[in-house]
1. Cut-off is 10 Å between beta-carbons; in what order do ASP25, ASP111 appear when sorted fewest neighbours first?
2. Could you please rank MET21, MET30, placing first whichever residue has the fewest other Cβ atoms within 10 Å of its Cβ?
3. Divide by every residue of the chain the summed helix terms, -39500 (n - 2.57) for each DSSP H run of at least 4, and state the resulting mean residue ellipticity at 222 nm, rounded to the nearest 500 deg cm²/dmol.
4. Name the long-range amide H neighbours of PHE71: under 5 Å, sequence gap of 5 or more, or other chain; modelled H, no Pro or chain starts.
5. Restricting to the chain, what percent of DSSP beta bridges are antiparallel, rounded to 5?
6. Determine the relative contact order of the chain: mean sequence separation of Cα pairs under 8 Å and six or more apart, normalised by residue count, in whole percent.
7. In the stretch 123-189, what % of DSSP beta bridges are antiparallel (nearest 5)?
8. Karplus couplings for the stretch 191-207 from phi (6.51 cos²θ - 1.76 cosθ + 1.60, θ = phi - 60°), rounded to Hz, Gly and Pro as x?
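Read the figures in this text as sums done on the coordinates, not as results from a lab. Worth saying up front: this structure is predicted, and the values here are computed from it rather than measured. Using ideal geometry, Cβ is built from the backbone for each residue, glycine included, and neighbour counts are taken over all protein chains shown.
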Amino acid sequence: MKIGIIVQTRMGSTRLPGKVMIKADENNVMLDYSINQLTNCKNHDVIVIATTTLSRDDSIVEFCKNKQVEFFRGDENDVLGRHYLCAKKLSLTHIVRIPSDKPLIDPQIVDSIIKFFISNKLDYAANFGVTKENGFQKLISTYPSGTEVEIFTFDALEYAWKNSKTEDEREHVTPYIYFNPDKFKIKILNLKQNQSHLRWSLDHPSDVLFIREIIKKIHDRPILMQNIINLLEKNPNLIKINQLDS
């Protein structure tokens with residue numbers, strides 16, 4: 001068994017270009033936090049940054065080289081292919097997928113989902129579900145936005161890679177899996193108390209301000225979901241920083 005955490009990363013974000021290289025504090029960019037948080041996961045063998053072959057993503061590759069972090073380059077639009085070829089190159093048996101808009105991803109949540117996945121011998125597990133409304137995907141979760149985790153087997157990834165035909169399936173990596181529950185053994189984890197009204201994902205300029213405040217006010221490392229919930233309960237006005245963009 002070889003578990004790899006693939007962090008999907010690029011500079012060409014539509015809503016917030018170059019967001020992974022935005023300063024999170026005086027010494028670290030947002031991608032530093034993604035990596036540092038995930039390094040605290042106990043149940044993984046390798047962390048790899050999966051970026052594109054475009055020249056604008058050369059800065060991400062240089063970052064990885066300087067930090068001695070594993071990286072892989074693949075197609076910008078066929079993100080499914082990028083994950084598959086990356087996993088194949090590294091001989092991964094299990095893949096944890098973390099988009100880079102989650103600089104405060106909770107390593108304890110990642111570990112709990114990996115443990116749940118392995119013990120139940122699943123093909124796919126996540127802490128969110130997805131439905132379609134008017135042709136668009138809609139995420140359904142009891143977890144705060146910014147804590148989403150997916151894990152799947154290499155066999156499931158390979159099957160999806162071979163059979164996915166639509167642009168949506170190729171761009172979003174896992175739709176073929178979770179929209180075909182008859183072909184895969186799938187389970188979704190939920191929190192006992194719904195926290196989906198909270199959000200610390202990195203999508204808008206106001207999210208940068210919000211995440212910086214969290215980093216500034218919480219001194220524990222890694223920063224866990226419960227740390228952030230406790231902070232927001234004591235300082236409810238902080239939620240307003242990025243509330244309008246949610």
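1. ASP25, ASP111
2. By the 10 Å Cβ count, ascending: MET21, MET30.
3. It comes out at -10000 deg cm²/dmol, rounded to the nearest 500.
4. Placed amide hydrogens put ILE49 under 5 Å from PHE71.
5. 40
6. Numbers: 440 pairs, mean separation 52.8, N = 246.
Relative contact order comes out at 21 percent.
7. Numbers: 8 of 11 bridges.
If I count the DSSP bridges inside the stretch 123-189, around 75 percent turn out antiparallel.
8. Whole-Hz 3J(HN,Hα) from phi for the stretch 191-207: 7, 5, 10, 5, 10, 6, 6, 9, 8, 9, 7, 10, 10, 10, x, 5, 5.
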